Amino acid sequence: MKLFVKPIDLTDVQTVIYHLPDGPSLTLKTDGIGQFLDFELEQGHVCDTSTIDGVLHFFPKGNA
């Protein structure tokens, strides 16, 4: 269990892809909702490619 989590910079993120267990994924545009996203409290793995293509992938625990 991680006690200290590196904060995620959402300034370049345009799309969040939330990879659900068993394969499906949920795609969210961050227009106007970026301030409500808080991945630091979630358990899982984050793959941040926002500087390349504006996408942040989130794999919840058990699907990482």
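The values are calculated or read from the model by the stated rules, or taken from the named source; none is laboratory data. It should be emphasised that the depicted structure is a prediction, and the values quoted were computed from it without experimental measurement. For accessibility, only protein heavy atoms count, side chains too; no ligands or nucleic acids. Shrake-Rupley method; radii C 1.70, N 1.55, O 1.52, S 1.80 Å.
Any chance you could run the full-extension gain for L20 through Q43? It's 0.36 nm times the residue separation minus the Cα-Cα distance, nm to one decimal. Kindly include the intermediate steps, with their values, before the conclusion.
On the way: separation 23, 0.36 × 23 = 8.28 nm, distance 1.28 nm.
Fully extending the segment from L20 to Q43 adds 7.0 nm.
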Ranked order, H45, H19 - accessible area, probe 1.4 Å, largest first:
H45, H19
Tell me, what is the 1.4 Å probe accessible area of D12, in Å² to the nearest 10?
80
